[in-house]
Amino acid sequence: MIKTELRSLVGILAFVCLAILVSSCEEQLPVIGKAPDFELINQDNKTVRLSELRDRVVVISFMYIKCPMANMCPLTTKQFKTLQESLGDEFNKKVMLLLITFDPEADVPGALKKYGELYGADFSNWNFLTGSQEAIDKVCDDYGIIVREREHGDVIPDSIMTFVIDQKGNTRKEYLGNNWDPESVKEIIVGLID
């Protein structure tokens with residue numbers, strides 16, 4: 001009898017602790033603002049609208065294929081790959097990863113597909129996005145990304161950011177540069193999904 005009561009008490013305490021943990025995650029991640037909507041083209045030449053992904057947690061960052069800085073775009077892509085692998089099948093169905101190019105002239109859908117394949121991307125929940133120069137400039141402006149052009153036409157991002165957006169389209173976390181690790185982002189995603 002005492003063992004049964006003790007098990008019940010432990011079960012109740014575990015439930016309360018879990019509820020507090022989930023509640024704590026919500027409090028620690030206030031809504032920063034509504035994520036600006038956009039419409040771009042993915043590596044398969046299909047339209048992707050952020051507003052159509054409202055049932056998923058979305059992680060967005062920026063890159064370009066010819067990026068010469070190993071600690072920028074290639075690192076971001078590697079981090080996305082690690083994040084995708086760590087989420088596993090259960091959570092990958094509830095998450096969409098989006099990498100948006102800075103250089104739509106060079107980073108056309110076919111090139112983005114090859115780039116994604118090079119990194120072993122599973123395209124079922126990871127899209128590499130491009131569009132017209134006007135569309136990319138607007139997304140960069142909307143998300144506070146500063147890009148400048150070099151003399152030879154190459155682009156150089158002055159800022160790179162990664163955003164975690166909840167299922168309601170609210171920005172919940174922003175990372176400047178590559179100051180994030182996949183495990184921390186996974187914890188945020190799990191907290192938003194649960």
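Coordinate-derived values only; no laboratory data. This is a predicted model, so every value here is computed, not measured. Reconstructed Cβ throughout: ideal geometry from the backbone, glycine too, with neighbour counts over all protein chains shown.
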With label points set 7 Å from each Cα along the Cα-to-Cβ direction at residue 54 and residue 134, the distance between them in nm comes to 2.7 nm
Counting only residues 5 or more apart in sequence or on a different chain, those whose built amide H sits under 5 Å from that of residue 43 are 128
Taking R0 as 35 Å and r as the Cβ-Cβ distance between residue 181 and residue 124, the FRET efficiency 1/(1 + (r/R0)^6), rounded to the nearest 0.05, comes to 0.90
In nanometres, the difference between 0.36 nm per residue of separation and the alpha-carbon distance of residue 31 and residue 47 is 3.1 nm
Surrounding charge for residue 162, neighbours by C-beta under 10 angstrom, Lys/Arg +1, Asp/Glu -1, total 0
Residue-ordered couplings for the range 58-63, obtained by feeding phi - 60° into the Karplus form 6.51 cos²θ - 1.76 cosθ + 1.60 and rounding to whole Hz (Gly and Pro as x), are 10, 10, 10, 8, 10, 6
